[in-house]
Amino acid sequence: MHNKRYRIIDTTALLMWHIPFDTDVINVTTDSVLKEIKKDELTKSIVDSYLEAKRIIVKKPKKEYIDRAYRLALETGDKIKMSDTDIEIVALALQLADEGSDVEVITDDYSIQNILQRMNINILSYFRKIKNIYNWVLVCEKCGKKYPNDYDKEYCEICGGRIIRKRKNL
Ligand SMILES: [Zn+2]
């Protein structure tokens with residue numbers, strides 16, 4: 001008996017209508033990804049037919065994994081670039097890996113890739129794949145004040161400058 005194999009599919013992959021199908025890998029996505037593609041009617045109808053044929057299934061990550069994904073994103077400094085949907089993708093990958101399944105994730109999103117690579121989860125991408133793993137810090141563009149990674153305002157409280165991400169030297 002071997003482990004189940006899952007392939008997690010994010011929004012960009014669904015919008016490309018280019019989902020690999022093979023019998024030994026289960027394609028899976030999340031509710032928030034489906035919500036994101038709803039606006040695109042043609043994609044929605046294509047994806048609906050995938051769902052109906054069970055070529056893609058929907059899984060909801062458990063809250064503890066959402067929390068873990070969120071914490072990891074704060075640690076790496078990727079949080080500021082990530083939507084709730086991105087966090088859900090990471091959470092689902094962590095959960096399936098923890099359950100002993102083989103997981104790969106199709107995504108072109110750098111932040112998702114940055115976190116998953118650290119966790120040794122396979123990434124497939126269409127156009128963009130990161131070459132290195134980074135940690136980020138938030139700093140004010142003008143005065144250089146550093147902010148914690150969960151700082152949620154766009155502007156510096158000291159000088160009003162824009163908050164940007166800077167690569168942290170490891
Ligand atoms: Zn400042």
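Taking VAL33, is it part of a helix (DSSP H, G or I) and touching an Asp or Glu at 6+ places or on another chain (Cβ under 7 Å)?
yes
Quick one: which of THR43, THR107 is farther than 29 Å from TYR134 by Cα, in contact (Cβ under 8 Å) with a residue 24 or more places away in the chain and touching a Leu at 6+ places or on another chain (Cβ under 9 Å)?
After ruling out the rest, the residue left standing is THR43.
Where residues in the stretch 133-145 are within 15 Å of the ligand (Cβ to nearest atom) and surrounded by 12 or more Cβ atoms within 10 Å (Cβ to Cβ), which of them is farthest from ASN114 (Cα to Cα)?
LYS142
More than 19 Å from VAL25 (Cβ to Cβ) and without any contact (Cβ under 8 Å) to a residue 12 or more places away in the chain: which single residue out of ASN132, ASN120 fits that description?
ASN132
Since every read-out is calculated from the coordinates, none of them should be taken as a lab result. Because the structure is predicted, anything quoted here is derived from the model rather than measured. As a convention, Cβ positions derive from the backbone with ideal geometry for all residues, glycine included, and neighbour counts pool all protein chains shown.
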